[in-house]
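A short worksheet on the structure shown next.
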Amino acid sequence: MQTTLAPFILGTREGKEAERILRACVHCGFCNATCPTYQLLGNELDGPRGRIYLIKQMLEGEPVTERTVLHLDRCLTCRACETTCPSGVAYGRLAEIGRQVAEERVGRSWLDRLRRWILRRVFPSVALTRAALHVARAVRVLLPESLREKIPSAPAPAGPAPSDVTTGTPVLLLTGCVQDAAAPATNAAAARLLGFLGLKAMLTDGCCGAISHHLSAHEEALRQIRRNVDAWWPHVESGAEAIVSTASGCGAVLKDYGHLLAHDPVYRERAQRISELVKDVSEVVPAEDLASLPRPSSSGRITFHPPCSLQHGQRLSGRVEHLLAAAGWTLSPFEDPHLCCGSAGTYSILQPKLADQLLDEKLRALETTTPDVIATANIGCQLHLGRRASVPVRHWIELVAEQVPD
Ligand code: SF4
Ligand code: SF4
């Protein structure tokens, strides 16, 4: 695609990157076929090709309006379009640049800014998320049904303390923020399974920076990322062989640290090294080791919902399904697994109507397979699906860890 960037962005780091991405797009529209918002709304401007065009116009200096912000806000950043695109267009990165420029040019209402500020303050803090969930559960009966169903139930006990694992090849296990507060059993299960596999999980907490990053607070996200690099670097120097994430949404951002800090001469090398060490937990679990586990205690019928951050963000399609099958689970395929469930970070809070429509569509597809349990690999999907699912929704690692003998 021919581009003529406006002086305000021409030659800047973002401008050069956006120009390279825009020029790769041949405007074929294949990506519209797998875009959840295009499927729902049928509007060209709510599909990737239309959004790319809106961003192009904006970067070329055309007027930007609230409609531009609206169509960019409706994008889930699920990156299904990247997986589909035959030209390798890095849509996700372009959307980040486009959103930032649109926000700077158009602005947001004070209410929208306040909402986003609260999300950026609460979710990255385990203590604040835990406190917010506690208060929400306490006043649940007083809330309207539409809000009540959004509050997750109290989490299952975390199980054996991960610090019990003291031997093995050292790896860092990122416990995260929302997951640590809403589903602590996932990290405990991961540490237990990693211990069984001969890996010693050293726990490290804190937000990966994804929440600020996806809400266009890029400097704030970079400060968080630099803090993480500083905190994790001593572990890297003393021989941690991997930085393991059990939330695929965090993993996708962690793998991008090198890119996000490529312009920072102080941090770029360490950030790049950390990105190289980051692994989704499914990447450090060998299938052959799971074949020796006792078989699942239930009938073992499972349907796995692959989060977008796993299949499109990290390009790890099929890996968890392979591991679950090796551990003895019977997997049921379902319709349109490439489509987002509507969780998408803070999307389910900021765009509740579209998120709920996507949720209902996803659960219809998943539950047609009559599973005993729905498994997934990201806390956001787990909580979002769990709101309306008729069977338990759990992280796959918890299911497999339960098979590990005491
Ligand atoms: S992003 Fe890719 S699939 Fe979509 S219009 Fe451009 S080239 Fe075609
Ligand atoms: S990231 Fe997802 S919602 Fe956004 S344009 Fe691409 S496919 Fe559509």
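The values are calculated or read from the model by the stated rules, or taken from the named source; none is laboratory data. Here the structure is a predicted model, which means the values were calculated and not measured. Heads up, the Cβs are rebuilt from the backbone with ideal geometry, glycines too, and the neighbour counts pull from every protein chain shown. To get the accessible areas, we keep the full protein, side chains included, count just its heavy atoms, and leave off ligands, DNA and RNA. Shrake-Rupley method; radii C 1.70, N 1.55, O 1.52, S 1.80 Å.
Rounded to 0.05, the FRET efficiency of the GLU220 and THR65 pair, given R0 = 30 Å and the Cβ-Cβ distance, is 0.70. Placing a pseudo-label 7 Å from each Cα along the Cα-to-Cβ vector at ARG295 and MET1 gives an inter-label distance of 5.3 nm. Rounded to the nearest Hz, the phi-derived 3J(HN,Hα) couplings of the stretch 171-179 under the Karplus curve 6.51 cos²θ - 1.76 cosθ + 1.60 (θ = phi - 60°) are 9, 8, 10, 7, 7, x, 10, 4, 4, where x marks glycine and proline. Among the GluC sites (Glu not before Pro) in the stretch 97-162, those located in a DSSP loop and surrounded by at most 16 other Cβ atoms within 10 Å of their own Cβ are GLU149. All Cα-Cα distances of the stretch 61-158, cut into 5 Å bins from zero to the largest, leave 2, 10, 13, 15, 15, 13, 14, 10, 5, 2, 0 percent in each bin in turn. Extension gain for VAL106-ARG315 works out to 71.8 nm (0.36 nm per residue, less the C-alpha to C-alpha distance).
Over all projection directions, the Cα-based convex hull of the stretch 238-282 averages an area of 3.2 nm².
One equal scatterer on each Cα of the stretch 1-81, no solvent, Debye formula: the resulting log10 I(q)/I(0) at q = 0.16 Å⁻¹ is -0.61.
Of all lysines in the structure, those lying under 21 Å Cα to Cα from LYS200, and not within fewer than 8 positions of it along the same chain, are LYS279. Working from label points 7 Å from Cα in the Cα-to-Cβ sense, the GLU237 to LYS353 distance is 5.4 nm.
Tell me, what HN-Hα J-couplings in whole Hz come from the Karplus equation 6.51 cos²θ - 1.76 cosθ + 1.60 at θ = phi - 60° for each residue of the stretch 79-90, using x for Gly and Pro? With coefficients 6.51, -1.76 and 1.60, one gets 6, 4, 5, 5, 5, 7, 5, x, 9, x, 6, 7 Hz. Relative to the current alpha-carbon distance between GLU44 and ARG140, full extension at 0.36 nm per residue lengthens the span by 30.6 nm. Please report, to one decimal in angstroms, the Kirkwood hydrodynamic radius of the stretch 303-367 built from all distinct Cα-Cα pairs. Averaging 1/r across every pair of different Cα atoms and inverting gives 12.7 Å.
Residues whose amide H comes within less than 5 Å of that of GLU60, counting only those at least five positions distant or on another chain, are ALA6 (H built at 1.01 Å from N in the peptide plane).
Between the stretch 104-130 and the stretch 191-269, what is the separation of their alpha carbon centroids in Å? After rounding, the separation between the Cα centres reads 22 Å. Enter the mean projected area of the convex hull around the alpha-carbon atoms of the chain, in nm², rounded to one decimal. About 19.7 nm², averaged over all directions. A compact globular protein would have a Cα radius of gyration near 2.2 N^0.38 Å; the ratio found for the stretch 186-279 is 1.08. Taking the average, over residues, of other Cβ atoms within 10 Å as the packing measure, peptides 10-21, 128-139 rank 10-21, 128-139 from highest down. Under a model in which nothing but the beta-carbon of Lys, Arg (+1) and Asp, Glu (-1) is charged, the chain shows a dipole of about 760 debye around its Cα centre. By the rule of a second cysteine Cβ within less than 4.7 angstrom, the chain holds isolated cysteines at CYS25, CYS28, CYS35, CYS75, CYS85, CYS341, CYS381.
With semi-axes defined as the square roots of five times the eigenvalues of the C-alpha gyration tensor, the equivalent ellipsoid of the stretch 256-406 measures 28, 23, 11 Å, largest first. The residues of the stretch 178-318 present an accessible area of 36 Å² per residue when probed at 1.4 Å with all protein chains retained. Enclosing the Cα atoms of the stretch 124-263 in their convex hull gives a volume equal to 122 cubic angstrom per residue.
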